[in-house]
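Asks: Have a look at the structure that comes next, please.
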């Protein structure tokens with residue numbers, strides 16, 4: 001795995017843990033889109049499908065962190 005791939009994977013995982021980071025990245029942010037697309041491509045996933053699923057995951061994580 002390249003350093004770029006490690007970084008993308010780290011950020012995908014970190015956004016699920018840290019709601020503040022996910023909020024700063026924001027789904028309308030170009031960096032967020034690039035990160036999600038890169039991760040989906042790395043994993044051989046359909047980009048649009050992963051993007052929808054990941055957005056749902058982040059929403060659940062943010063709700064959990066409010067408790």
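Asks: If we keep just the residues of segment 5-32 that are at pLDDT 90 or above and in contact with a helix residue (DSSP H, G or I) (Cβ under 8 Å, 6 or more places away or on another chain), which is surrounded by the most Cβ atoms within 10 Å (Cβ to Cβ)?
Replies: Step one: list which residues in segment 5-32 are at pLDDT 90 or above, which gives 5-14.
Checking which are in contact with a helix residue (DSSP H, G or I) (Cβ under 8 Å, 6 or more places away or on another chain) leaves us with 5, 8-9, 11-12, 14.
On the way: 5: 14, 8: 22, 9: 16, 11: 19, 12: 20, 14: 12.
The selected residue is 8.
Asks: Check residue 65 against each of (1) touching a residue at least 12 places away in the same chain (Cβ under 8 Å); (2) under 10 Å from the mean Cα position of the chain (by Cα); (3) part of a helix (DSSP H, G or I) and name the one condition it does not meet.
Replies: (2)
Asks: Assuming residue 40 fulfils every condition listed in (1) modelled with pLDDT under 95; (2) within 21 Å of residue 2 (Cα to Cα) apart from one, which condition is it?
Replies: (1)
Asks: Can you list residue pairs whose Cβ atoms sit under 8 Å apart, with the first residue in segment 26-37 being under 21 Å from residue 6 (Cβ atoms) and the second being part of a loop (DSSP other than H, G, I, E, B)? Count only pairs 6 or more apart in sequence or on different chains.
Replies: 32/26; 33/27
Asks: Where the second residue is surrounded by 13 or more Cβ atoms within 10 Å (Cβ to Cβ) and not in a helix (DSSP H, G or I) and the first is on the phi < 0 side of the Ramachandran plot and in contact (Cβ under 8 Å) with a residue 60 or more places away in the chain and lies in segment 40-59, which pairs have Cβ atoms under 7 Å and are six or more apart or on separate chains?
Replies: Short answer, once both residue conditions are applied: none.
The values are calculated or read from the model by the stated rules, or taken from the named source; none is laboratory data. Just so it is clear, the model here is predicted, and its values are computed rather than measured. Glycine gets a Cβ as well: all are built from the backbone with ideal geometry, and neighbour counts include every protein chain shown.
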